[in-house]
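So the structure is just underneath, and the comments pick up after that.
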Ligand code: ADP
């Protein structure tokens, strides 16, 4: 097992990783920007190193600085967390070259699954259903037009190196096509330094359903079921739940079998998530995230399995500590992302937290790094807490969610809890009658009637 792990991240996920390390008896190194000197995991870590200025480009994305901190403290592994450098193949390669273990998949898989076209082609070859569209990146607007005619409108342009929903543009009909194509290319260039785009058929009312997998280096691959992440705003997830209420057991068994076999065939090692759209009883693979995800906590509560612990064990060369038959899925789990944002305008709301009280009680988990008097800096992702609740069924889970959100107090900054609280009373949400576009329409309707 590792002796000392450097956590190359911040916020709640850094604290989550620190907790796993502490429980495993592994020493920890926290690295932080100037603004983050008072982060909770920095206080709790065995050692901490300031790696640069507030802007992430100089700190959390600064490979040289992170490596110096690892060398200085004698860390034998680096956990990249989520976002930042977690899917950066170059970073993983440099880390390995320095004799330090990157807690994540091989460089080869970071590269292949990081390219959305290669990922789709690879998965399609393994029998995983993919959304129809162009075979590769588009060379010209004429090629885009021909492809759209074959797949049928509406179509969606996506950046080959995209992420975070950027570089995506819809063309509803041929008249929209050229402009959407050019705009997607320009956005892709500006955000990812590469203007390559590809095309997919744009699905009108899909759910976003993703599957958590864990694979060790001995060919053992397990899945921990799915997460329904359809409640999104601007392609950013706000509520995640498991199980997905519209999937029955035969459907789940069939797709998880295909996924597990595909992951085994490509020789993937580590934790990962395969993201799908689901419409009219059919799955369409979109992409694979080759890292831990924010919403991993949902699957942990559903199965009782500590995903971060398994991830660290596997990276250290151990076998998975359980088999698929040992996984027990029990009850229903939901996660509410509490962001430091105005719940109506979604404008960021950084600042000092003047009063804080987190809900607790049976089957209520709060993953958060914030505390009374903590100042939410304006420089990073606005996530301040994840409220994760479990019930014996979906109705009990919703009731527990309402009670937990009612109990939450975060004064001094605005946050998205009131939005979640309202969604939990909405008949469509309660009945499970929603898709990835539902929240946008719900927000537009609410603004029209000024409900909040
Ligand atoms: P990113 O990596 O930028 O997050 P994804 O490919 O994961 O991009 O897509 C993000 C979100 O965009 C999805 O969760 C879904 O809401 C929407 N989306 C992606 N592809 C399609 C599609 N073909 N049709 C409809 N919506 C889509």
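Some notes on this structure:
- By the beta-carbon count within 10 Å of each Cβ, the least crowded to most crowded order of 4, 254, fewest first, is 254, 4.
- Region 4-103 has equivalent-ellipsoid semi-axes of 17, 16, 12 Å, by the square roots of 5 times the alpha carbon gyration tensor eigenvalues, sorted largest first.
- Region 295-402: C-alpha gyration tensor shape, a/c 1.5 cut-off, then a/b vs b/c: oblate
- Overall shape of region 69-160 was characterised from the C-alpha gyration tensor. The equivalent ellipsoid obtained from it has semi-axes of 38, 13, 10 Å, in decreasing order.
- Annotation: the residues 103, 255, sorted from fewest to most other C-beta atoms within 10 Å of their own C-beta, follow the order 255, 103.
- Projected-area mean, region 132-201, by convex hull of Cα positions, square nanometres: 3.8 nm²
- Stokes-Einstein translational diffusion, region 207-448 - Kirkwood Rh over all Cα pairs, 0.890 mPa s, 25 °C, in µm²/s: 131 µm²/s
- Seen through its C-alpha gyration tensor, with square-root eigenvalues sorted a ≥ b ≥ c, region 378-452 comes out oblate because a/c lies at 1.5 or above while a/b is not bigger than b/c.
- Computed packing ranks the peptides 380-391, 119-130 as 380-391, 119-130, most packed first, by mean other Cβ atoms within 10 Å.
- Rg(Cα) / (2.2 N^0.38 Å) computed for region 164-227, rounded to two decimals: 1.62
- Fraction of the pair-distance distribution of region 210-343 above 21 Å, Cα-Cα pairs, percent: 39 percent
- The Rg/Rh ratio of the chain, with both radii computed over alpha carbons and Rh defined as the Kirkwood radius, is 0.95.
- Likely footprinting exposure, 305, 63, 7, fewest C-beta neighbours within 10 Å first: 63, 305, 7
Laboratory data are not the source of any read-out in this text; all were calculated from the coordinates shown. Given the structure is predicted, the values throughout are model-derived calculations rather than measurements. Heads up, the Cβs are rebuilt from the backbone with ideal geometry, glycines too, and the neighbour counts pull from every protein chain shown.
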